[in-house]
Amino acid sequence: MTLLRPSLLQQLNPDTKYSAMQIFRWLWKVWKGNRLQATLNACIGLTGVGFSLTMVWAMKRAIDTATGAREGSIYSAVAVMAVITLCEFAVGISRVWVKNILGVRARNRMQQLTLARLLRSEWRGREAMHSGDVINRLETDVNKVVNFLTETLPSTLSTIALFVGAFVYLAQMDGWLAVVTVSILPVFIILSRFYVAKMRQLSRKVRESDSFIQSLLTDTMHQRMLIKTMEADGQMLDRLEDSQSELRSRVKKRTAFSVVSHLFLNTGFSLGYFVAFLWGLVRLHDGTITFGAMTAFLQLVYRIQGPARDLTRLAPAFVSVFTSAERLMELEEIPEEQQGENVLMEAPCGVRFTDVSYRYTPTQRPTVVHANYDFTPGSCTAILGETGAGKTTLIRLLLALIRPQEGEITIYSGKLRVESGKLNPLHRCNFVYVPQGNTLLSGTLRDNLKIGAPDATDEQMYEALRRACADFVSELPDGLDTRFAEQGGGLSEGQAQRIAIARALLRPGSIILLDEATSALDAETERQLLDNILRDQRKTVIFVTHRQAVVDYCDRVIKID
């Protein structure tokens with residue numbers, strides 16, 4: 001790869017923000033994590049090349065023995081071919097085994113690393129990429145990169161080895177024929193400059209359309225109830241058809257360009273093969289070669305042109321992996337949050353805002369302006385405000401998802417106000433957060449609860465459910481092992497809300513942050529739930545609410561204009 005000239009490198013990624021060398025360095029970093037599979041595939045490929053060339057020798061030997069051109073036993077010659085064939089079978093089985101076992105592991109590993117990087121990244125408050133697009137990158141682009149590094153590159157090494165070996169073998173038998181056979185390659189090298197640049201552009205447009213369609217499908221499935229009630233199914237299907245039509249058009253353009261390019265190259269390869277065949281017939285007719293040598297000619301020409309064809313496919317493979325690598329590199333642009341050990345402080349904890357201001361973009365008006373709040377340890381505070389007043393931004397600041405541009409937020413412990421410095425992601429373990437809406441994941445009830453505390457026992461989970469007024473769980477046929485569909489399918493909004501509260505109560509943090517967490521509960525259940533939560537004086541409770549019943553339980557109220 002490093003032997004490519006800079007002009008060609010630039011053509012590999014036209015109109016992108018990454019240079020070709022940046023992409024190569026990123027691919028090298030990814031390759032180092034998959035060296036085992038790549039090395040095994042390379043060794044298996046080279047072994048297969050050795051057996052393939054040996055088979056040419058064995059076939060020539062068997063035919064010459066059968067025609068009397070050499071002495072020996074036909075049976076022993078065929079037996080040698082049979083042994084070589086079995087060895088080729090073993091190589092093929094090894095290749096499939098490495099691809100299916102190590103290949104899946106390599107893809108899984110890269111998906112885990114990429115997802116972990118996303119989960120550790122800073123939350124910007126305004127997500128630039130659609131979740132459907134991100135999922136498309138995690139699936140399709142990860143597969144393309146891993147397959148290229150662990151299969152395409154190692155197979156390219158064996159392809160080059162087969163090409164060189166077959167060319168040297170043929171040159172020893174007939175130098176002129178060997179030169180004629182590879183005469184198409186200079187033409188390919190010249191045309192590859194134009195081909196790579198054009199295919200790069202077409203492939204990126206296809207990937208963009210594919211990601212947009214997945215984003216549209218994701219939106220449709222998440223909001224299907226809204227679409228049904230608004231009777232907008234026809235509109236969504238029309239949008240999907242328009243997007244798919246654009247994708248088909250782009251795929252058609254890319255396919256037409258690829259077909260024309262390959263037709264030209266294959267015409268050249270076919271012409272070379274017919275020249276070799278005619279030359280072999282002439283020499284066989286003149287008696288200057290044996291029938292076995294004629295067969296070897298054709299076998300070697302095939303083994304030269306076959307790798308040459310494979311090398312022509314390397315250009316579109318580079319184009320494809322460059323596009324996928326660039327899309328994955330974009331996911332890594334978001335800086336990581338502060339990493340390290342969690343700082344769990346002694347309960348109860350307090351949080352103090354000192355002249356805090358925040359705006360999402362430089363052109364927008366500030367969402368939070370010179371805020372000065374002190375959520376003292378053991379207090380219960382209600383935060384009120386109209387939609388758009390900044391309540392959600394306040395929650396994100398409390399959870400250290402975003403950082404204030406002005407002022408500072410500090411967390412402290414107990415009445416002595418032992419501070420731990422500015423609030424940062426390492427303090428997030430001190431918070432128990434219940435977001436508004438249905439936030440249950442598909443899976444079992446136990447799986448959902450263990451998100452709050454992976455090591456929680458059944459007794460602890462049932463106690464948290466009791467405090468969250470979710471005693472109905474004990475009546476479920478499978479109890480904690482009850483399985484839910486997406487977003488807690490099968491539960492009412494109130495039941496899902498109480499399970500989400502129980503999940504949060506399993507966390508060890510002493511600052512409970514509830515965002516409209518009782519909106520789906522009846523008055524009596526809400527009263528009992530609030531009594532259970534506020535009974536623990538070592539907790540600092542912050543409600544974001546519109547409900548007067550919740551406000552009545554609080555000792556302090558903050559109104560955000």
Exercise. For the modelled label position 7 Å from the Cα of SER94 along Cα-to-Cβ, which residues of the stretch 50-84 have backbone nitrogen atoms closer than 19 Å?
Worked result: 50-56, 81-84
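Report, for the chain, the % of DSSP beta bridges that are antiparallel, rounded to 5.
Values: 18 of 36 bridges.
So the antiparallel bridges amount to about 50 percent of the total.
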Problem set entry | Geometric extent, Cα atoms of the stretch 60-155 - Rg, Dmax (angstrom) | 25.0, 82
Problem set entry | Considering only the stretch 422-546, percent of DSSP beta bridges that pair antiparallel, nearest 5 | 25
For this session: Starting from the amide H of SER379, placed 1.01 Å from N in the peptide plane, find each other amide H under 5 Å away whose residue is 5 or more places distant or on another chain.
Result: VAL541
For this session: Just the Kirkwood number for the stretch 413-561, please: inverse of mean 1/r across all distinct Cα pairs, in Å, one decimal.
Result: 16.2
Exercise. Hey, rough spin-label estimate for LEU281 and ASN424, points 7 angstrom out along Cα→Cβ, what's it come to in nanometres?
Worked result: 8.0
Problem set entry | Helix-only [θ]222 nm of the chain, DSSP H runs n ≥ 4, -39500 (n - 2.57) each, per residue, nearest 500 | -19500 deg cm²/dmol
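Using a 1.4 angstrom probe on heavy atoms only, work out the carbon and sulfur share of the accessible area of the chain in %.
The computed percentage sits at 58.
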Problem set entry | Per-residue HN-Hα couplings for the stretch 402-410 [Karplus 6.51, -1.76, 1.60; θ = phi - 60°; Hz; x = Gly/Pro] | 10, 10, x, 7, 9, x, 8, 10, 10
Exercise. Using the Cβ atoms and a cut-off under 14 Å, what net charge is assigned to the surroundings of ARG107, where Lys and Arg are +1 and Asp and Glu are -1?
Worked result: +2
Exercise. Which cross-chain or sequence-distant (5 or more) residues have an amide H under 5 Å from the amide H of TYR433, H modelled 1.01 Å from N in plane?
Worked result: LEU513
Problem set entry | Built amide H within the under 5 Å cut-off of LEU384, gap 5+ | ILE558, LYS559, ILE560
Exercise. Using a ≥ b ≥ c from the Cα gyration tensor of the chain (square roots of the eigenvalues), is it rounded, prolate or oblate, where a/c under 1.5 gives rounded and otherwise the larger of a/b and b/c decides, a/b for prolate?
Worked result: prolate
Exercise. For the modelled label position 7 Å from the Cα of SER492 along Cα-to-Cβ, which residues of the stretch 516-531 have backbone nitrogen atoms closer than 16 Å?
Worked result: 518-529
Seminar exercise, completed: Here, THR140 and ASP219, labelled 7 Å along Cα→Cβ, have an inter-label distance in nm of 1.7
Exercise. Per-residue HN-Hα couplings for the stretch 352-357, Karplus 6.51 cos²θ - 1.76 cosθ + 1.60 at θ = phi - 60°, whole Hz, x for Gly and Pro?
Worked result: 10, 9, 10, 6, 8, 10
Exercise. Which semi-axes, in whole Å and largest first, does the equivalent ellipsoid of the stretch 403-470 have when worked out from the alpha carbon gyration tensor as the square roots of 5 times its eigenvalues?
Worked result: 31, 16, 11
For this session: Would you mind putting 467-480, 539-552 in packing order, based on average other-beta-carbon counts within 10 Å, highest first?
Result: 539-552, 467-480
Problem set entry | Pairwise FRET efficiency - ARG105 versus ASN532, Cβ, R0 = 56 Å, nearest 0.05 | 0.75
Exercise. What full-extension length gain, to one decimal in nm, is calculated for GLN405 and GLU524 as 0.36 nm per residue of separation minus the Cα-Cα distance?
Worked result: 38.6 nm
Exercise. When only C-alpha pairs under 8 Å and at least 6 residues apart count, what is the relative contact order of the chain, in percent?
Worked result: 16
For this session: Determine the sum of side-chain charges near ASP471: Lys and Arg each +1, Asp and Glu each -1, restricted to other residues whose C-beta is under 12 angstrom from that of ASP471.
Result: +1
Exercise. Highest mean first, what order results for 282-290, 145-153, 40-48, 499-507 on Cβ atoms within 10 Å?
Worked result: 499-507, 145-153, 40-48, 282-290
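The values are calculated or read from the model by the stated rules, or taken from the named source; none is laboratory data. Values in this document were obtained by computation on a predicted structure and should not be read as measured data. Counting neighbours? That spans all protein chains shown, and the Cβs are built from the backbone with ideal geometry, glycine included. What goes into the accessible areas is simple: the full protein's heavy atoms, side chains included, and nothing from ligands, DNA or RNA. Shrake-Rupley method; radii C 1.70, N 1.55, O 1.52, S 1.80 Å.
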